[in-house]
Amino acid sequence: MINKLSRWMHNNDNTTKGKELDRDNIPEHVAIIMDGNGRWAKRRGLPRVAGHRAGMKTVIEITRAADELGVKYLTLYAFSTENWKRPTDEVEFLMRLPGQFLMAELDELIERNVQVRMVGNEENLPSYTVQAVREAIEKTAGNTGLILNFALNYGSRAEIVNAVREIAAEVQEGRLAAGDIDENVIGRYLETSGMPDPDLLIRTSGELRLSNFMLWQMAYSELCFIGVYWPDFSRDHFYETILEYQQRSRRYGALT
Ligand code: IPE
Ligand code: IPE
Ligand code: MG
């Protein structure tokens, strides 16, 4: 295990220093709103896309860190259904990133036994984006380690609308009784079907909002907002957010 990590991880024998990660309380599902690439670039006098490129290095670094910590699911919000409102040039740049990222990193992901997945609507994505992601999904389908889930052309409301349509069709065709629709049924029709809800949501860049990300799934997620732009988000920042998560008391409405 990498030194930097072992500095943070001890066998939960000693919490007096207050800076140690508890190996038995690693969030199973971490979701991240990777925000602040444009501002990172602007601060350096660079075009916004330079921030997106720099952000790719953070993606692989945080994937490694999550894998080493034993996180089971890492969901990364890479492109929202609202991001189409950006200038065409920027959108096209963003659409080329998954292919570039996977070209550079897929071998390492395979070596790490990572399984790549995607949530979001494939339909409006360029074919080169879909092909790259599908190839990664196929090549890693049998892997049993970290599940690296890219939210690409993802919007929580669109996801819920699709789920409602599908459920309504089932009812209309007599396969499902309206009275049998419950939280589990709805969960099964969401794109995250089969995945646990995020335990921890991290948003970088200092913005304090969810921007249409996993609204249903985050009913009881612990939220952690950090004022660091995504390209500057480091392993140490990641460990700090997990440490903060470990200090939270998750009550789910009950008393503890
Ligand atoms: C996050 O960085 C990347 C995407 C939304 C695709 P931004 O591009 O939103 O950067 P800021 O928030 O404008 O700084
Ligand atoms: C959220 O960031 C989407 C992604 C990180 C992919 P945005 O930068 O698009 O969110 P807003 O517009 O600030 O809410
Ligand atoms: Mg932003």
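So the values come out like this:
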| read-out | value |
| --- | --- |
| When residues of segment 172-206 are limited to those that are surrounded by 14 or more Cβ atoms within 10 Å (Cβ to Cβ) and within 16 Å of ligand 3 (Cβ to nearest atom), the one nearest to ALA254 (Cα to Cα) | LEU201 |
| Long-range neighbours under 6 Å by Cβ, at least six apart or interchain, first residue at negative phi within segment 26-47, second within 11 Å of ligand 1 (Cβ to nearest atom) and of a type in the set (Asp, Glu) | ASP35/GLU207 |
| Residues satisfying the stated conditions in segment 24-42, i.e. crowded, with 24+ Cβ neighbours inside 10 Å, more than 16 Å from ligand 3 (Cβ to nearest atom) and assigned to a loop (DSSP other than H, G, I, E, B) | PRO27 |
| Qualifying residue in segment 101-113 (condition: touching a Gly at 6+ places or on another chain (Cβ under 6 Å), modelled with pLDDT of 95 or more and polar (S, T, N, Q)) | yes |
| Filtered residues of segment 64-76 (kept if crowded, with 19+ Cβ neighbours inside 10 Å and either within 16 Å of ligand 2 (Cβ to nearest atom) or assigned to a loop (DSSP other than H, G, I, E, B) (or both)) | VAL71, LEU74, THR75, LEU76 |
| Unmet requirement for LYS19, which otherwise passes all of (1) of a type outside the set (Val, Ile, Thr); (2) part of a helix (DSSP H, G or I); (3) modelled with pLDDT under 95 | (2) |
| Unique match (being of a type in the set (Val, Ile, Thr), modelled with pLDDT of 95 or more and surrounded by 13 or more Cβ atoms within 10 Å (Cβ to Cβ)) among VAL161, VAL130 | VAL130 |
| Which listed residue, of GLU123, GLU135, GLU111, is under 20 Å from SER156 (Cβ atoms), more than 16 Å from ligand 1 (Cβ to nearest atom), free of Cβ contacts under 8 Å to residues at least 60 places away in the same chain and not hydroxyl-bearing (Ser, Thr, Tyr) | GLU123 |
| Of residues in segment 217-247 being within 16 Å of ligand 3 (Cβ to nearest atom) and without any contact (Cβ under 8 Å) to a residue 40 or more places away in the chain, the one surrounded by the most Cβ atoms within 10 Å (Cβ to Cβ) | ILE226 |
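The values are calculated or read from the model by the stated rules, or taken from the named source; none is laboratory data. Values in this document were obtained by computation on a predicted structure and should not be read as measured data. Positions of Cβ are generated from backbone atoms using ideal geometry, with glycine treated the same way; all protein chains shown enter the neighbour counts.
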